[in-house]
Amino acid sequence: MEWNIQLPSKTCANCAGQFGDKDPCHSVLAMNNVELIRRDYCAACFEGIREQAKSDAGSAYWKTVYKLVLPPPKVDPVKKDKVESLLRAYLAGEIDDETKKICYLLAVMLERKRVLKHLKTFSDTQNDKRVLAYQHAKTGESFAIPDPGLAMTEIPQLQARVKELLDTMDRPPAAPMPADPPPTPQS
């Protein structure tokens, strides 16, 4: 027979009061047909059922301390500020085909993070291309990102390139190699 004993409840089974961190908690484990049922009680409510819990041959009880378990903080694997810095750096430089693709992917990443809002898409009649107009959610700045017309097969390679660029932003600059010491004069 396999038993599944539940974790402590966050609330008292009797009064439904929330347990606080390090509050005393009284747990009662009772057999219900073929299933074990756990009920947790605050100190005041347990006093009312203490005698019943002691007399029931098919149950067990113990006193413990409730430990508040906080979920781990959310860690964003891609830092928005790094992505934004990289986009700004690429937009400030020469715009070739690879740069257009990288800028497009960075803009989509920032749109998903709600840093950029897509305003509209318009056609650049001179180059026969689409251009996406974005607005920075906090600063109100406008960005015009050319749509490079990426093929689905290009995306994995481009994502790897963007990851590589973002990873290099984390590394400290390489320390310069020490110069050779000047030759010592010989007498």
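The values are calculated or read from the model by the stated rules, or taken from the named source; none is laboratory data. From a predicted model like this one, the values you see are computed outputs, not experimental measurements. Don't worry about glycine lacking a Cβ; one is built from the backbone with ideal geometry, like all the others, and counts go over all protein chains shown.
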**Asked** Only one residue in Ile102, Ile95, Ile49 is out of contact with any helix residue (DSSP H, G or I) (no Cβ under 8 Å at 6 or more places or on another chain), β-branched (Val, Ile, Thr) and surrounded by 10 or more Cβ atoms within 10 Å (Cβ to Cβ), so which one is that?
**Response** Ile49
**Prompt:** Does the range 52-61 include one or more residues that are in contact with an Asp or Glu (Cβ under 9 Å, 6 or more places away or on another chain) and buried (at least 17 other Cβ atoms within 10 Å of the Cβ)?
**Reply:** no
**Prompt:** Can you name the residue in the range 17-46 that is among the polar types (S, T, N, Q) and surrounded by 11 or more Cβ atoms within 10 Å (Cβ to Cβ) and is also nearest to the chain's Cα centre (by Cα) among such residues?
**Reply:** Gln18
**Message:** For the range 112-131, which positions are in contact (Cβ under 8 Å) with a residue 24 or more places away in the chain and surrounded by fewer than 12 Cβ atoms within 10 Å (Cβ to Cβ)?
**Reply:** Thr121
**Item:** Failed item, numbered, when Arg171 is tested on (1) under 27 Å from the mean Cα position of the chain (by Cα); (2) at pLDDT 85 or above
**Value:** (2)
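Conditions tested, residue by residue: (1) surrounded by 14 or more Cβ atoms within 10 Å (Cβ to Cβ); (2) under 11 Å from Leu116 (Cα atoms); (3) assigned by TED's automatic domain parsing to the domain that holds Val108.
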position: Ala133; (1), (2), (3): yes, yes, yes
position: Lys138; (1), (2), (3): no, yes, yes
position: Leu150; (1), (2), (3): yes, no, yes
position: Ile155; (1), (2), (3): no, no, yes
position: Leu158; (1), (2), (3): yes, no, yes
position: Val162; (1), (2), (3): yes, no, yes
**Asked** If you check Lys74, Lys80, which single one turns out to be over 14 Å from Pro146 (Cβ atoms), surrounded by 13 or more Cβ atoms within 10 Å (Cβ to Cβ) and at pLDDT below 90?
**Response** Lys80
